[in-house]
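All remarks here apply to the structure that follows.
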Amino acid sequence: MEIKVEDLQLGDEFLYAVQGTIARAKVIRPVQQRKAQPTYGTAGKVYYKAVKCKVAIEEKVYTYPTSTGIRTYTRKEYVASDKYTIEKYIDLNHRNVWLIKRQD
């Protein structure tokens, strides 16, 4: 179910779009409203601080042949897994957020 940022609660798990893929996150700090709201052309809109969440990121190893040998590199990618690996702040203002699980 699609929800708004202000409806997120502590412990909620949700999906959001990032870098052309879907990522899964879990709220670990309550959502807070910004103290100073922007005054340029957005009168009446409420903005929120970035939400601290746990996010699932995997390191993927890619290899490809070159004229001098085989080259490998690693890339961190967001995944929709429930195995959270890092904590980070996510700005969810003007984003679509889909609630997966609400902790009671």
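What to note about this one:
- Test: residue in region 34-44 that is without any contact (Cβ under 8 Å) to a residue 60 or more places away in the chain, loosely packed, with under 12 Cβ neighbours inside 10 Å and within 15 Å of the chain's Cα centre (by Cα): no
- Selection from region 61-95 of residues that are within 11 Å of the chain's Cα centre (by Cα) and touching a residue at least 60 places away in the same chain (Cβ under 8 Å): TYR78, ALA80, ILE90, LEU92, ARG95
- Any hit, region 65-88, residues being at positive phi and surrounded by fewer than 11 Cβ atoms within 10 Å (Cβ to Cβ): yes
- Only one of the numbered conditions (1) within 12 Å of LEU92 (Cβ to Cβ); (2) part of a strand (DSSP E or B) is not met by LYS60, and that is (1).
- Hits in region 1-58 - residues which are of a type in the set (Gly, Ala, Ser) and either in contact with a helix residue (DSSP H, G or I) (Cβ under 8 Å, 6 or more places away or on another chain) or closer than 23 Å to LYS83 by Cβ (or both): GLY11, ALA17, GLY20, ALA23, ALA25, ALA50, ALA56
Values in this text are rule-based calculations from the coordinates and carry no lab data. Remember, predicted model here, so these are calculated numbers, not experimental data. Virtual Cβ from ideal backbone geometry, glycine too; neighbours counted across all protein chains shown.
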